[in-house]
Amino acid sequence: MTDDHAHVQEFFTARAADWDTRFPDDGPAYAAAAGSLSLSPGDAVLDAGCGTGRALPALRAAVGPQGTVMGVDLTVAMLEAAVRAGRDRDGVLLLADVARLPLRSASLDAVFAAGLISHLSRPGPDLAELARVVRPGGRLALFHPIGRAALAARHGRRITDDDLRAEPNLRPMLARSGWRLDAYTDEDDRFLALAVRAS
């Protein structure tokens, strides 16, 4: 584990117990973002950095009982909160690092990642690892229930030109990592970048 991993684990361990109650109105936004992946019954999808598993019910609904839904997170406490919320019924939960996923190459149809990119210690290589496990033509949704400016304001900051999620930065980073940015939305009430796995 790197110091970055330890910092991420500390941050989310301290907040896991009340994470869902802090953001009680995000459910519809998660469902809409999961819907943007255009999943079909029987598909296999990963929620990368799943936290308390808020996207898992929507992902399960999209792929149906015959599909595969997995959630991976680096923080034990977040996975425990997902189990307490009953979201382990919607998908398999794994304690894993998105930089080294315990999955076969090209084994997934899509990856959903809410709030993940700002917590990656090596965004380019980590996005490439997500690309490795997705079949050509599969999709990636990078999501946050509020936009970049609103999130920065919530934390008492301003967005800067070097923000990884800014389109001019995100597009080439995704391209170098095996993805093609297909759609980009950054509004007060939603950030959503959709990418397609290059062949």
- Okay, which of the stretch 114-138 sit inside 12 Å, backbone N to the point 7 Å along the Cα-Cβ direction of Asp182? 135-138
- Task: Report the convex hull volume per residue for the stretch 138-199, counting only C-alpha atoms, in Å³.
- Result: 70
- Message: Compute, for the stretch 55-126, the length of the dipole vector about the Cα centre, with Cβ point charges of +1 (Lys, Arg) and -1 (Asp, Glu) only. Units Debye, rounded to 20.
- Response: 60
- Looking at the chain, send over the antiparallel percent of its DSSP beta bridges, to the nearest 5. 45
- Choice from Asp43, Asp109, Asp163 with maximal GNM fluctuation in the chain (Cα, 10 Å cutoff): Asp163
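Considering only protein heavy atoms and a 1.4 Å probe, what is the carbon-and-sulfur percentage of the accessible area of the chain?
Values: 4850 of 9490 Å².
The computed percentage sits at 51.
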- Query: Which net charge results for the neighbourhood of Gly91, defined as the other residues with beta-carbon distances under 12 angstrom from its beta-carbon, given Lys and Arg at +1 and Asp and Glu at -1?
  - Reply: 0
- CD proxy at 222 nm, helix term only [per DSSP H run n ≥ 4: -39500 (n - 2.57); per residue of the chain; nearest 500]: -10000 deg cm²/dmol
- Task: Whole number in Å², please: accessible area per residue of the stretch 59-169, 1.4 Å probe, ligands, DNA and RNA not counted.
- Result: 46
- Given charges at Cβ of Lys, Arg, Asp, Glu: the chain dipole, positive-most of Pro28, Leu94, Ser177: Ser177
- Query: Once the piece of chain linking Ser199 and Ala153 is laid out straight, how much longer is it, given 0.36 nm per residue of separation minus the C-alpha distance between them?
  - Reply: 12.7 nm
- Task: Could you work out which residue, out of Gly51, Gly27, Gly71, moves most in a Gaussian network model of the chain, that is, has the largest mean-square fluctuation with Cα springs under 10 Å?
- Result: Gly27
- Query: Could you give the dipole magnitude of the chain about its Cα centre, charging the beta-carbon of Lys and Arg +1 and that of Asp and Glu -1, in debye to the nearest 20?
  - Reply: 420
- Message: Counting other C-beta atoms within 10 Å, and keeping those with at most 16, which DSSP coil trypsin sites (Lys or Arg not before Pro) do you find in the stretch 42-112?
- Response: Arg100, Arg104
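Looking at the chain, do any whole DSSP H helices span at least 27 angstrom along their long axis by alpha carbon and average 0.0 or above on Kyte-Doolittle, and which?
Details: long enough: none.
Sorted by number, there is nothing, because no helix extends far enough and scores high enough.
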- Query: Among Thr160, Thr68, Thr185, which one moves the most in a GNM of the chain with springs linking Cα atoms closer than 10 Å?
  - Reply: Thr160
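The values are calculated or read from the model by the stated rules, or taken from the named source; none is laboratory data. Here the structure is a predicted model, which is why all the values come from computation and not from measurement. Using ideal geometry, Cβ is built from the backbone for each residue, glycine included, and neighbour counts are taken over all protein chains shown. Just the protein is used for accessible areas: all its heavy atoms, side chains included, with ligands, DNA and RNA removed. Shrake-Rupley method; radii C 1.70, N 1.55, O 1.52, S 1.80 Å.
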